[in-house]
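Accompanying notes for the structure given below.
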Amino acid sequence: MISIDLTMKTALVTGATGELGRVMARTLAKGGADIIIHYYSNEHKAHQLQQEIEQLGRKAMIVQADVADLDSVMRMKEAVEGRFQLPDIVVANAVSQYSWTSVLEQSVDDYVDQFNSTVLQAVHLAKAFVPHMIERRAGRIIAINTECAMQNFPSQSAYVAGKRGMDGVYRVLAKEIGEHQITVNQVAPGWTISDRDRENQTERSESYERTVPLKRRGTDQEIANAVAFLASDLSSFITGAYIPVSGGNVMPAI
């Protein structure tokens, strides 16, 4: 029987207290991985998630860091190294939030924040955790991109610019470290149903669903399932991929 088996693995999930991050962390834990829970400001949710993961029988630790700051990421690495195992799996999920508007109205600071939280996060996490993966000749890096990176709709410019820049870093990194048997891939969610939607009963959007070949929105669990697959040995010969999990709403050309 084929299954996701992450036993004896440790996974770092950045932005693990967010809507998608929590589900990714829990799913990797259910696959057998111990979890490093990264948070930026929501320590309370981080502790809640830690308890959930420990109740699943896995080890979990929480770490605070600003992924846009290299020194902060390096301190996070040192904190992990002193108490836990350095990650075999790194899920780059954290991203800064802001109001979307037109290029002419968008604050320049928003572009800078997006660059820092996407492109520089990719660089900082690589500098902190890839050397250990190279030593072990094994590792998985999984970045959370977006269908928006291929759609280029009005009001998305800062978000698209950041995610496309991140895409470039990860594609190059995949080629640079592939010889060490480290894979680097991206999951690109569509507009995803999360716990917030369930609580607010906002799961449905007929106008959006009409654009999706599968005629529905995806779920946070479906995104987490793709992450778990890429974290596992089942994906051992996949690297440099941008994989939309959007019900066919975007289809990369060959």
Mind listing whichever residues of region 174-225 are polar (S, T, N, Q), part of a helix (DSSP H, G or I) and surrounded by fewer than 12 Cβ atoms within 10 Å (Cβ to Cβ)? Asn200, Ser207
Looking at (1) under 23 Å from Gly178 (Cβ atoms); (2) hydroxyl-bearing (Ser, Thr, Tyr); (3) at pLDDT below 95, find the lone condition where Thr118 falls short. (3)
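Let's see how each residue does on (1) among the hydrophobic types (A, V, I, L, M, F, W, C); (2) open to solvent by less than 50 Å² (accessible area, probe 1.4 Å); (3) at positive phi; (4) without any contact (Cβ under 8 Å) to a residue 12 or more places away in the chain:
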| position | (1), (2), (3), (4) |
| --- | --- |
| Gln55 | no, no, no, yes |
| Ala60 | yes, yes, no, no |
| Arg75 | no, no, no, yes |
| Val80 | yes, yes, no, no |
| Phe84 | yes, yes, no, no |
| Glu105 | no, no, no, yes |
| Met150 | yes, no, no, no |
Any residue in region 238-254 that's within 15 Å of Lys215 (Cα to Cα): show its pairings with residues that are open to solvent by 30 Å² or more (accessible area, probe 1.4 Å) and of a type in the set (Val, Ile, Thr) at Cβ separation under 7 Å, as long as the two are six or more apart or on different chains. Asn249/Thr211
Just one of (1) under 22 Å from Ala143 (Cβ atoms); (2) in contact with a Ser or Thr (Cβ under 8 Å, 6 or more places away or on another chain) trips up Asp5, so point out which. (1)
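The values are calculated or read from the model by the stated rules, or taken from the named source; none is laboratory data. Because the structure is a prediction, the values reported are computed rather than measured. FYI the Cβ positions are ideal-geometry reconstructions off the backbone, even for glycines, and counts take in every protein chain you see. With ligands, DNA and RNA removed, areas are computed over all heavy atoms of the protein, side chains included. Shrake-Rupley method; radii C 1.70, N 1.55, O 1.52, S 1.80 Å.
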